[in-house]
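The values are calculated or read from the model by the stated rules, or taken from the named source; none is laboratory data. Quick caveat: nothing in here was measured; it's all calculated off a predicted structure. Note: ideal-geometry Cβ built from the backbone for every residue, glycine included; neighbour counts use all protein chains shown. Note: areas computed on protein heavy atoms with side chains; ligands, DNA, RNA excluded. Shrake-Rupley method; radii C 1.70, N 1.55, O 1.52, S 1.80 Å.
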2 protein chains.
Amino acid sequence: MNASDHDAKRRESGTDFMPKFDANGLLCAVVTDHASKDILMVAFMDSEALEATIETGVAHFHSRSRGRLWKKGESSGNVLQVREMRVDCDQDALILVCDPAGPTCHTGARSCFYRGLNRETGQLETS
Amino acid sequence: MNASDHDAKRRESGTDFMPKFDANGLLCAVVTDHASKDILMVAFMDSEALEATIETGVAHFHSRSRGRLWKKGESSGNVLQVREMRVDCDQDALILVCDPAGPTCHTGARSCFYRGLNRETGQLETS
């Protein structure tokens, strides 16, 4: 087994947290509502955001548009209290199971996923 | 309102499906189990994978490691039948609500998120 296979195996079946960031230093984080299990939002974390989240217990992300650390709810007050963090097999994606203090979406919607795609018409429908 | 603000507004509140791919031509797709609401996996889609998914009703992704279209379950048979597709406010992330034909993870686990992070110890725990 070469070093890269060995790393992949450790990532997949080990107990060590070895988050795998992409070429831009990011990984994908999915926020779910602890109470309803609904997905509230999807965002990206760099190592700084991940460390801040682990340390504070409140969700932090990396804002790609602003190019900086972003504490979710820093302006709205709608912070996300993290109850549980889960990681996938190759450790390049995370789930944050959260208690939201208010609507998660900046539009005021409870979840950012307020529209479904009608595959017949190709149009979005609010539901 | 400039053209970019106008586009952002249409993306956010309109009924037109205007998926926003990143600089690498990808967007993030989260697969959930229709029955349990559990998150099964997270992967990336390019426009080819998105079109194939919409056309066939079976989840397709873009494999970043193999650099090609990847029909989930193409070798294992564990395809994901898509019941519903949802899109977020800025249309750069999708949810595929699916009926999985078998375990989704290549490790044989039902979900790729078979480990939680213990924030006290920094170690992963299977649960």
Can you give me the number of residues within region A:96-108 that are among the hydroxyl-bearing types (Ser, Thr, Tyr) and open to solvent by 30 Å² or more (accessible area, probe 1.4 Å)?
-> 1
Filter result (farther than 23 Å from A:Gln91 by Cβ and more than 14 Å from the chain's Cα centre (by Cα)) within region B:76-101 = B:Gly77, B:Cys89, B:Asp90, B:Ala101
Given the conditions (1) open to solvent by 10 Å² or more (accessible area, probe 1.4 Å); (2) more than 10 Å from chain B (Cβ to nearest Cβ); (3) under 30 Å from B:Ala52 (Cα atoms), which single one is not true for A:Leu69?
-> (3)
Could you look through region A:19-39, keep only residues that are facing another protein chain (nearest Cβ under 9 Å) and in a loop (DSSP other than H, G, I, E, B), and pick out the one that is farthest from A:Asp88 (Cα to Cα)?
-> A:Ser36
May I ask you to say which residue of B:Ala43, B:Ala8, B:Ala52 is more than 8 Å from every other protein chain (Cβ to nearest Cβ), surrounded by 14 or more Cβ atoms within 10 Å (Cβ to Cβ) and at pLDDT below 95?
-> B:Ala8
Across region B:11-25, what is the number of residues that are open to solvent by less than 60 Å² (accessible area, probe 1.4 Å) and either touching a residue at least 60 places away in the same chain (Cβ under 8 Å) or under 20 Å from A:Leu124 (Cα atoms) (or both)?
-> 8
Determine whether region A:109-116 contains at least one residue that is of a type in the set (A, V, I, L, M, F, W, C), surrounded by fewer than 21 Cβ atoms within 10 Å (Cβ to Cβ) and over 13 Å from A:Val30 (Cα atoms).
-> yes
Determine whether A:Ala93 is surrounded by fewer than 19 Cβ atoms within 10 Å (Cβ to Cβ) and aliphatic (A, V, I, L, M).
-> no
Any chance region A:72-80 includes a residue that's of a type in the set (Ser, Thr, Tyr) and either within 13 Å of chain B (Cβ to nearest Cβ) or surrounded by 21 or more Cβ atoms within 10 Å (Cβ to Cβ) (or both)?
-> no
Of everything in region A:81-127 that's assigned to a loop (DSSP other than H, G, I, E, B) and among the polar types (S, T, N, Q), which residue is nearest to the other protein chains (Cβ to nearest Cβ)?
-> A:Thr107
